[in-house]
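Each reported figure results from applying straightforward, stated rules to the coordinates on display, with no laboratory input. Everything numeric here is computed off the predicted structure, so don't read it as measured data. When we count neighbours, we look across all protein chains shown, and the Cβ atoms used for this are built from the backbone with ideal geometry, even at glycine.
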């Protein structure tokens with residue numbers, strides 16, 4: 001078993017990294033909203049799920065691919081993949097803004113009890129998932145193969161499959177652009193200002209509603225990109241995948257320290273790798289358990305996550 | 001705005017002991033006669049009305065009451081409450097099929113098992129606050145379900161079949177379709193639970209939980225042993241969940257991991273918040289409505305969960321404190337129509 | 001003078017690179033009113049926080065009645081006889097004034113969940129006694145008439161006083177008041193000074209943080225001044241007022257370019 005693991009270690013790592021980047025991007029959706037509003041955006045998992053469907057719609061309906069079609073190649077492939085990415089990001093970004101408007105805004109401005117937004121989010125999450133369930137007749141939806149998953153060669157014994165490579169490279173680019181966006185742009189700075197101190201930011205003339213919408217948009221865009229990558233990697237989706245991926249990504253966000261963009265990155269990568277290695281040893285059915293047990297340990301010994309603020313810290 | 005909760009509390013306070021006893025007896029009688037109303041507009045079009053009253057309605061009420069101790073009273077966000085329900089149900093399933101014990105003998109064991117699980121989970125988790133606690137408890141719920149799913153010795157994905165019904169008492173036979181008898185039995189459990197919670201929440205423990213919910217640091221600095229009280233809340237909540245699990249298993253006679261998904265935790269949480277966190281009557285009302293509604297609106301069949309979700313969103317936006325919010329009224333003030 | 005009740009010995013509190021308290025030592029004697037003053041950010045509230053166990057001193061020690069408070073749980077410190085109020089009012093808003101105080105008196109109750117559950121006589125007796133005690137404390141502080149109002153609906157001044165009544169509910173030997181007069185008008189301040197003296201005369205020891213000089217100087221038996229986390233004076237009010245370092249700390253030193 002162990003020698004087997006050594007043989008496969010490099011390949012598992014590549015697969016784990018690509019899964020990790022999917023988590024990173026979804027985790028960004030949770031962590032950005034949490035940073036600004038101190039609230040779990042429970043419905044982000046459905047935002048992700050809709051992102052996966054956007055990609056399938058582009059492949060299947062816009063380009064007319066079927067299960068029998070030949071995979072695309074060359075520039076046409078790049079063009080199609082790029083369109084899929086944009087479509088998924090837009091779908092999720094817009095849905096995310098919409099979600100905030102419908103489910104959270106009123107409650108936020110009223111400053112009512114802390115659980116009300118969470119329940120509202122759960123409600124929205126049910127609505128979105130059920131809507132998709134009815135549309136898809138409760139079935140899994142397969143994606144026609146648009147790209148041949150060929151191996152690009154090996155690297156230190158790791159098989160570099162095209163889809164994994166694309167996810168890792170594109171994921172990294174997206175993450176870096178997001179960090180730059182938050183560091184450099186006006187909206188990004190406003191987002192950071194609000195996460196540090198909402199009242200002070202308001203006094204400094206930050207339009208809170210605008211910043212919150214912006215945060216949901218950016219978080220949604222990242223989550224949508226994850227949707228595209230998911231379809232690229234697994235070639236199917238369904239109305240109920242949001243839950244599993246969402247919980248894992250949220251765990252990743254906490255692992256790294258929620259509210260912290262870097263934390264989402266490390267947490268997502270760590271979780272992706274961990275889950276992949278754990279499935280190798282224990283079988284995939286136990287992977288969720290491993291993840292949660294690790295989470296419990298991390299929280300027990302480092303309640304702030306690895307990079308985050310102290311949630312247990314007392315203020316008096 | 002008219003506040004039903006305050007109106008009710010007002011009537012209660014103004015009446016003397018005999019009137020109170022009368023009100024209580026009337027309420028119990030009304031609840032007990034629910035199974036007899038199958039012929040009225042209350043009837044559920046597709047599922048059997050009597051069976052809907054037992055599950056989900058009565059079971060939801062018990063669980064919502066238990067979760068309310070954790071969330072409503074002491075403000076701890078528990079998203080894995082289903083775990084205790086599952087532990088109770090599996091205790092019943094395993095002991096009921098493998099030993100000669102009957103439901104009433106297993107009930108305390110199931111409660112104890114759930115309490116023990118609450119303790120195991122609570123000691124590390126209750127050091128954390130708010131959202132972290134939520135995710136840890138959520139994880140716990142999933143761990144319990146996945147463990148049940150993958151342990152073939154307790155049925156794995158197939159679950160446990162052939163769980164025995166409760167033994168006959170006073171000549172009353174618990175047959176599978178004797179829904180009324182089950183309902184009345186569960187009603188007694190509900191009343192006991194309500195009695196326990198009311199007893200606890202008027203005195204010291206109630207105040208300690210209330211202070212923790214409102215400002216935990218201030219509570220600790222005023223000498224309230226917050227950690228101990230949080231554990232108590234958690235373990236008590238777990239005990240009620242465990243009891244609900246044992247009862248559920250002795251009613252359905254078949255359990256599988258599919259009965260204990262995160263959705264159940266979320267539904268129960270929704271019952272609590274929808275009805276009015278922290279207020280027993282609100283929680284009961286919320287559980288009755290959310291347990292009953294999906295079956296009543298089955299005529300819109302496929303879209304009923306969708307409607308359910310939309311109702312939650314609407315409700316939270318219009319009445320974020322639930323149908324019957326917790327106490328807001330001040331005793332000394334004259335009765336005015338203020339909200 | 002009588003014996004000391006609380007002693008800070010070289011108490012040092014560091015947050016990362018920031019030294020909030022640097023080697024601070026002073027003591028409070030029984031039934032004394034000790035004023036603790038200093039410019040904003042000098043570390044006064046930090047002193048309260050290390051005494052009540054919110055923070056643990058990084059160096060030095062704090063002893064209460066001869067026993068170290070280091071590593072003791074916060075609620076146990078309170079139960080041991082140290083209670084505080086908060087600079088930014090932290091009452092339990094959805095409870096009535098009376099309930100706020102009763103919750104604090106619970107600190108000294110015997111009966112717990114089990115006896116409460118079965119309504120045992122001990123629990124019922126205690127309940128009655130505590131209610132009476134809480135009302136007594138509200139009357140003592142002069143806000144008895146507000147007993148049944150929700151804390152969050154009380155006027156500001158009453159909330160500040162309720163904080164004191166709540167702290168007294170824990171039956172402390174040492175009472176820490178964190179800016180109890182903040183936002184008060186002159187008449188209210190005079191009232192408060194009377195109340196503080198009354199508290200002392202009832203047998204409590206008081207450590208008072210306050211910005212209002214006339215109040216502190218008027219009511220304190222002794223005054224400790226800290227600045228930038230260091231103690232710079234510890235003397236009778238009249239002497240402290242004329243202390244050169246204290247005046248510098250408050251007015252700034254002209255030739256100090258930094």
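The C-alpha atoms of chain C occupy a region whose extents along the principal axes are 70, 41, 37 Å, arranged from largest to smallest. The separation of segment A:91-131 from segment C:172-233, counted between C-alpha centres, amounts to 48 Å. Ellipticity at 222 nm from helices only: DSSP H runs of n ≥ 4 in chain B, each -39500 (n - 2.57), divided by the residue count, give -21000 deg cm²/dmol. For the protein assembly as shown, the antiparallel share of DSSP beta bridges with both residues in that region comes to about 65%. Where the centre of each part is set by its Cα atoms, how far does segment A:28-79 sit from segment C:60-92, in angstrom? So the two Cα centres are separated by 54 Å. Across segment C:93-171, Cα pairs under 8 Å and at least six residues apart give a relative contact order of 49 percent. Taking label points 7 Å from Cα along the Cα-to-Cβ direction, residue C:139 and residue C:202 give a separation of 1.1 nm. Over segment A:2-301, the fraction of Cα-Cα pairs per 20 Å bin, rounded to whole percents and listed from the shortest bin up, is 34, 57, 9, 0. Rounded to two decimals, the Cα radius of gyration of segment C:93-171 over 2.2 N^0.38 Å is 1.11. Once Rh is set to the Kirkwood radius over Cα pairs, what Stokes-Einstein translational diffusion coefficient, in µm²/s, holds for segment A:158-299 at a temperature of 4 °C and a viscosity of 1.567 mPa s? Roughly 77 µm²/s, to the nearest whole number.
The modelled label-to-label distance between residue C:61 and residue B:48, using points 7 Å beyond Cα along the C-beta direction, is 7.4 nm. Between residue B:176 and residue B:161, residue separation times 0.36 nm minus the direct Cα-Cα distance comes to 4.1 nm.
The mean number of partner chain beta-carbon atoms within 10 angstrom of a residue's beta-carbon across peptide A:126-139 is 4.
Taking all C-alpha pairs of segment B:167-295, those more than 19 Å from each other amount to 61 percent. Can you give the mean number of other chain Cβ atoms that lie within 10 Å of the Cβ atoms in peptide C:29-36? Neighbouring Cβ atoms belonging to other protein chains average 0 per residue here. At q = 0.14, 0.15 Å⁻¹ the log10 of I(q)/I(0) for chain B amounts to -1.21, -1.38, computed by Debye summation with a single uniform scatterer per C-alpha, solvent ignored.
Mind pulling the angle between the C-alpha long axis of helix C:186-201 and the longest principal axis of chain C? Nearest 10 degrees, somewhere in 0 to 90. It works out to around 70 degrees. How high is the FRET efficiency from residue A:67 to residue A:200, r the C-beta distance, R0 41 Å, rounded to 0.05? Efficiency, from the Cβ-Cβ distance: 0.15. Fully extending the segment from residue B:127 to residue B:99 would add 6.3 nm, taking 0.36 nm per residue of separation and subtracting the current Cα-Cα distance.
The relative contact order of segment A:106-262, computed from alpha carbon pairs under 8 Å that lie at least 6 residues apart in sequence, is 30 percent. Set against the 2.2 N^0.38 Å expectation for a compact globular protein, segment B:95-209 has a Cα radius of gyration ratio of 1.37. Between the Cα long axis of helix A:208-234 and the first principal axis of chain A there is an angle of about 20°, rounded to the nearest 10.
The distance between label points at residue A:101 and residue B:319 comes to 2.8 nm (points 7 Å beyond Cα on the Cα→Cβ vector).
Between residue A:135 and residue A:79, the FRET efficiency from the beta-carbon distance, with R0 = 35 Å, is close to 0.80.
Calculate, for residue B:168 and residue C:40, the FRET efficiency according to 1/(1 + (r/R0)^6) with r their C-beta to C-beta distance and R0 56 Å; round to the nearest 0.05. It comes to 0.15.
Look at the alpha carbon pairs under 8 Å that are at least 6 residues apart: their mean separation over the length of segment A:2-301 gives a relative contact order of 40 percent. Reported value for segment C:144-258: 142 Å³ per residue, from the convex hull of its C-alpha atoms.
For chain A, the longest principal axis of the Cα atoms and the long axis of helix A:162-184 meet at an angle of about 20 degrees.
For the peptide B:212-220, the mean number of other protein chain Cβ atoms found within 10 angstrom of a residue's Cβ is 6.
Both numbers refer to the Cα atoms of segment B:153-198; Rg and Dmax are 14.7, 40 Å.
Counting only the Cα atoms, the protein assembly as shown fills a convex hull of 207 Å³ per residue. The ellipsoid that matches the Cα gyration tensor of segment B:1-88 has semi-axes, each √(5λ) in whole angstrom, of 27, 24, 13, with the longest given first. Helical runs (DSSP H, four residues minimum) scored at -39500 (n - 2.57) apiece and divided by the length of chain A put the mean residue ellipticity at 222 nm at -24000 deg cm²/dmol.
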